Amino acid sequence: MLNGTQKRYLLKLARGSIESELSDRNKSSGNQPEGLDFKAATFVTLTKNNELRGCIGCLEPFENIVENVKHNARAAAFSDFRFPPVIENEFENIRIEISVLSPTSEIEYSDEQDLIAKINKEEGLTIEFNNKSATYLPQVWQEIKDKALFLESLLRKASLPENIFEKELPKVMSYKVESFEE
């Protein structure tokens, strides 16, 4: 669990990383607080007028949390293929949310109905099959409240057929997040 000082620092770091790209000036986030010297998987989500504006992250902790947040903030702002790059005059209206992920846990299941029964609405979900994958952070449960519809949407996001469970059992993993926003 991160404390308030660490969360504020990471949010300022994410905003500063994007501002630095927009202005070609290096923005200082201040002194790094203690306790941020660990690897973590994070997602950075940008919203504008309560609408998604960019979201990029990773599921596995391969680098220090500070570097991961900086990288994902810039990628969410400038490299999310679903959106045009953020421009300077809109940036002040963009909100930043950071999600720090727990390790993933594979869900063992026998069929689609068994999987739906085992899905926890407080966790994020990842599905993988034949080099196709997709994930939804737990925050998506606020928009898609029904487990079957959530799974159906996740399959579409991964470009997997809705009837895949009739033939195959894709790998499904869950995870928790600690999220905070400015």
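The values are calculated or read from the model by the stated rules, or taken from the named source; none is laboratory data. Here the structure is a predicted model, which means the values were calculated and not measured. Using ideal geometry, Cβ is built from the backbone for each residue, glycine included, and neighbour counts are taken over all protein chains shown.
How many of the residues making up the range 34-48 are more than 27 Å from Thr104 (Cβ to Cβ) and at pLDDT below 95? Can you show your working first?
Step one: of the range 34-48, the residues more than 27 Å from Thr104 (Cβ to Cβ) are 34, 48.
Going one step further and asking which of them are at pLDDT below 95, we end up with 34.
Residues flagged as more than 27 Å from Thr104 (Cβ to Cβ) and at pLDDT below 95 within the range 34-48 amount to 1.
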- Query: Exactly one of (1) farther than 29 Å from Lys157 by Cα; (2) part of a helix (DSSP H, G or I); (3) touching a strand residue (DSSP E or B) at 6+ places or on another chain (Cβ under 8 Å) is unmet by Asp37. Its number?
  - Reply: (2)
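Can you name every residue in the range 154-182 that is part of a helix (DSSP H, G or I) and either touching a strand residue (DSSP E or B) at 6+ places or on another chain (Cβ under 9 Å) or under 12 Å from Lys121 (Cβ atoms) (or both)?
Narrowing the range 154-182 to residues part of a helix (DSSP H, G or I): 154-157, 164-166.
Those that are part of a helix (DSSP H, G or I) and either touching a strand residue (DSSP E or B) at 6+ places or on another chain (Cβ under 9 Å) or under 12 Å from Lys121 (Cβ atoms) (or both): Leu154, Leu155, Arg156, Lys157, Ile164.
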- Determine whether the range 93-105 contains at least one residue that is closer than 30 Å to Glu168 by Cα and not polar (S, T, N, Q). yes
- Out of Lys70, Lys7, Lys48, Lys12, which single residue is under 17 Å from the mean Cα position of the chain (by Cα) and farther than 22 Å from Val140 by Cα? Lys70
- Note on the structure: Expected single match for crowded, with 16+ Cβ neighbours inside 10 Å and part of a strand (DSSP E or B) among Gly16, Gly54 is Gly54
- Query: Out of the range 115-169, which residues are crowded, with 19+ Cβ neighbours inside 10 Å and among the polar types (S, T, N, Q)?
  - Reply: Thr126, Thr135
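Given the options Ile98, Ile107, name the one that is over 18 Å from the mean Cα position of the chain (by Cα) and surrounded by 18 or more Cβ atoms within 10 Å (Cβ to Cβ).
Ile107
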- Item | Residue within the range 64-74 that is outside any helix (DSSP H, G or I) and surrounded by 17 or more Cβ atoms within 10 Å (Cβ to Cβ) present | no
